[in-house]
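Written below as structure tokens is the structure these notes are about.
The values are calculated or read from the model by the stated rules, or taken from the named source; none is laboratory data. Just so it is clear, the structure is predicted and the values come from calculations on it, not from any experiment. Cβ: placed from backbone, ideal geometry, glycine included. Neighbour counts: every protein chain shown.
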């Protein structure tokens, strides 16, 4: 036991996540060689987002952190979404 | 035993806040990428095909594995296994160096083909391709600097672990360097498909 409510993550858990990340990497390479038109970029981003979630929740251990850390991440993602949204609101309607 | 004031959760949250700002920094570059991609879709595809998928793919696996060894190092120190922690930290640093060596060969090959910012050969390929490679060098270069900083940080923590200053009772420094290292991995997770894998 380390801190209140924190348990030690086993090596096996990390190895499973690593295998999943490797599989998703292979999947993103394969998917990028198939012509999906505009779909390609969304598939690539979807897989990258899934991989990020695995890294953030398991390797960075966000799932064991308090709610404050998770709210922080949501605030960050909202800021980035606003950033991207407003940029394209300008660029796409020029 | 002297009483010590410590807030490990606060220290980790401070690191997370710093990492949020790092994400904002990189997201600015990714927004530039997105805007340019929508402006030059064909040229971006042509330019992307000039990048070597094998170098990019190998470096993806190298970084993913280094993230694994770093995550395992925390488990090792929590269990009080000093030697195992040192081995895992050194493996992470080794993989970081391998990443940089790959990057050196990759960039040498590209520069050898006349692809570098300000090159006349690159300018002759048109504004879209030039734009792609300028952004590629800037983003991958900034990422590379993060790899160097992260590996240095882990190196310092490794020395502290070997001296016993970072131990199973007090290892926030190791956790925070690991968090930084995972951010380096996260940036590459987006960089790889966006730059190397456009059809």
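Only one of A:56, A:41 is modelled with pLDDT of 95 or more and either assigned to a helix (DSSP H, G or I) or in contact with a helix residue (DSSP H, G or I) (Cβ under 8 Å, 6 or more places away or on another chain) (or both); which? Reasoning before the result, please.
On the way: A:41 fails: modelled with pLDDT of 95 or more.
Within the list A:56, A:41, the selection yields A:56.
Among the residues of region B:26-37, is any more than 7 Å from chain A (Cβ to nearest Cβ), closer than 30 Å to residue B:161 by Cβ, touching a helix residue (DSSP H, G or I) at 6+ places or on another chain (Cβ under 9 Å) and buried (at least 17 other Cβ atoms within 10 Å of the Cβ)?
Within region B:26-37, one or more residues are more than 7 Å from chain A (Cβ to nearest Cβ), closer than 30 Å to residue B:161 by Cβ, touching a helix residue (DSSP H, G or I) at 6+ places or on another chain (Cβ under 9 Å) and buried (at least 17 other Cβ atoms within 10 Å of the Cβ).
For region B:71-87, how many residues are buried (at least 19 other Cβ atoms within 10 Å of the Cβ) and either touching a residue at least 60 places away in the same chain (Cβ under 8 Å) or more than 10 Å from chain A (Cβ to nearest Cβ) (or both)?
6
Taking into account only those residues within region A:14-23 that are surrounded by 14 or more Cβ atoms within 10 Å (Cβ to Cβ) and more than 7 Å from chain B (Cβ to nearest Cβ), which is farthest from residue B:78 (Cα to Cα)?
Taking the candidates together, the pick is A:20.
In region A:51-69, how many residues are farther than 22 Å from residue A:16 by Cβ and either more than 9 Å from chain B (Cβ to nearest Cβ) or touching a strand residue (DSSP E or B) at 6+ places or on another chain (Cβ under 7 Å) (or both)?
Count: 1.
Regarding region B:105-125, can at least one residue be identified that is part of a helix (DSSP H, G or I) and within 14 Å of chain A (Cβ to nearest Cβ)?
No: region B:105-125 contains no residue that is part of a helix (DSSP H, G or I) and within 14 Å of chain A (Cβ to nearest Cβ).
Filter region B:142-179 down to the residues that are part of a helix (DSSP H, G or I) and at the interface with chain A (Cβ under 10 Å from one of its Cβ atoms) and list them by number.
Selection gives B:175, B:178, B:179.
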